[in-house]
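This report refers to the structure that appears directly beneath it.
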Amino acid sequence: SQKIEQNSEALNIQEGKTATLTCNYTNYSPAYLQWYRQDPGRGPVFLLLIRENEKEKRKERLKVTFDTTLKQSLFHITASQPADSATYLCAPHDQTGANNLFFGTGTRLTVIP
Amino acid sequence: DGGITQSPKYLFRKEGQNVTLSCEQNLNHDAMYWYRQDPGQGLRLIYYSQIVNDFQKGDIAEGYSVSREKKESFPLTVTSAQKNPTAFYLCASTGTGGSGNQPQHFGDGTRLSIL
């Protein structure tokens, strides 16, 4: 069955540094992969979508890579700020026909001032 | 502003009781989804609907039921058959073509607890 792993449950970094979050998936080959941000008690908010034929996607301070050989996506936040503290969810798409998403458990990022 | 509204924000269920969680969207989206989120677990799909009057079971549909009589509404009923209903429930929607290549828009969830 499909499996999604996000590198760690929690990640603490110093303000101004680059945060790197990892998403690994096994047993399938998604054509798309999405990243979401979730704040406590709130629903996830869409950040970026990357397609299998795209190596990298950027949006302001965010960068996502998608390596279909390694079955891995990396999510980077450069010049991190305390306001970036949240849980980040990786969501590769499901190719089984329903075209839904599988969500990882998330990585809780804390940016320390 | 367009978006998804879930209500209530907090809900309590007694033993043997069915409860219904509301989800309404004004984004004119065809597809709607219900997820359950538990601590330490990813979002798990309960039910989804890609068009009015049609819906499909997700990975954990047992003990839940849904209806899709209107495009903008997708209520979820947690029945007494769901023995462990305490969780954070999230509703989402997306445009045509499914959510693989389009963002999902989420509501702010309903937290269900057992009395």
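Here are the numbers for the structure shown:
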{"read-out": "The stretch B:1-45: C-alpha gyration tensor shape, a/c 1.5 cut-off, then a/b vs b/c", "value": "oblate"}
{"read-out": "Total formal charge among the other residues, if their Cβ is under 10 angstrom from that of B:SER80, Lys/Arg +1 and Asp/Glu -1", "value": "+2"}
{"read-out": "Relative contact order computed over the stretch A:28-72 (Cα-Cα under 8 Å; 6+ residues apart), in percent", "value": "30"}
{"read-out": "For the protein assembly as shown, accessible area per residue (1.4 Å probe, heavy atoms of protein chains only), Å²", "value": "48"}
{"read-out": "Efficiency of FRET between B:GLU62 and A:THR69 - r from beta-carbon atoms, R0 30 angstrom, step 0.05", "value": "0.20"}
{"read-out": "Cα pair distances exceeding 18 angstrom across chain B, given as percent", "value": "45"}
{"read-out": "Gyration tensor (alpha-carbon) shape descriptor, the stretch A:27-101, a/c threshold 1.5", "value": "oblate"}
{"read-out": "Percent accessible area from carbon and sulfur atoms, the stretch A:36-86, protein chains only, probe 1.4 Å", "value": "51"}
{"read-out": "Positions from the stretch B:23-69 whose accessible area shrinks by 50 Å² or more when the full protein complex is built, not the chain alone, probe 1.4 Å", "value": "B:LEU43"}
{"read-out": "The protein assembly as shown - Rg and Dmax from Cα coordinates, angstrom", "value": "17.5, 52"}
{"read-out": "Carbon and sulfur %, accessible surface of the stretch B:53-115 computed with the full protein complex present, 1.4 Å", "value": "44"}
{"read-out": "Within the stretch A:4-113, GluC sites (Glu not before Pro) in DSSP loop having at most 11 other beta-carbon neighbours inside 10 Å", "value": "A:GLU9, A:GLU60"}
{"read-out": "Estimated FRET transfer efficiency when R0 is 22 angstrom, pair B:LEU27-A:ALA31 (beta carbons, to 0.05)", "value": "0.40"}
{"read-out": "Label-point separation in nm, A:LYS55 to A:THR22, each point 7 Å along Cα→Cβ", "value": "2.0"}
{"read-out": "Residue among A:LEU101, A:LEU74, A:LEU89 with the largest mean-square fluctuation in a Gaussian network model of chain A, springs linking Cα atoms under 10 Å", "value": "A:LEU101"}
{"read-out": "Computed label-point distance, nm, for sites A:GLN81 and A:ASP39 using a 7 Å Cα→Cβ extension", "value": "1.3"}
{"read-out": "Lysines whose Cα lies under 24 Å from that of B:LYS70, excluding same-chain neighbours fewer than 8 positions away", "value": "B:LYS9, B:LYS57"}
{"read-out": "Furthest towards positive pole of dipole, A:ALA83, A:ALA31, A:ASN100, structure part chain A, Cβ charges", "value": "A:ALA83"}
{"read-out": "Share antiparallel - DSSP beta bridges, the protein assembly as shown, percent rounded to 5", "value": "90"}
{"read-out": "Per-residue ³J(HN,Hα) for the stretch B:32-40, Karplus 6.51 cos²θ - 1.76 cosθ + 1.60, θ = phi - 60°, Hz, x for Gly and Pro", "value": "9, 9, 10, 10, 10, 10, 10, x, x"}
{"read-out": "Pairwise burial B:A, computed as accessible area of each alone minus the pair, summed, 1.4 Å, Å²", "value": "1700"}
{"read-out": "Spatially proximal lysines relative to A:LYS55 (Cα-Cα < 22 Å; intrachain offsets below 8 disregarded)", "value": "A:LYS3, A:LYS63, A:LYS71"}
{"read-out": "Relative contact order (percent, whole number), the stretch B:26-115, Cα cutoff 8 Å, 6+ residue spacing", "value": "28"}
{"read-out": "Under 15 Å, Cβ to Cβ, from B:LEU11 - net charge with Lys/Arg +1 and Asp/Glu -1", "value": "+3"}
{"read-out": "Radius 10 Å from Cβ of A:VAL111, net charge of other residues (Lys, Arg +1; Asp, Glu -1)", "value": "-1"}
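The values are calculated or read from the model by the stated rules, or taken from the named source; none is laboratory data. Treat the numbers as computed from the prediction; the structure is a model and nothing was measured. Cβ sites come from the backbone with ideal geometry, for glycine too, and all protein chains shown count toward neighbours. Each accessible area value is taken on the protein alone, full model and side chains, heavy atoms only, with ligands, DNA and RNA left out. Shrake-Rupley method; radii C 1.70, N 1.55, O 1.52, S 1.80 Å.
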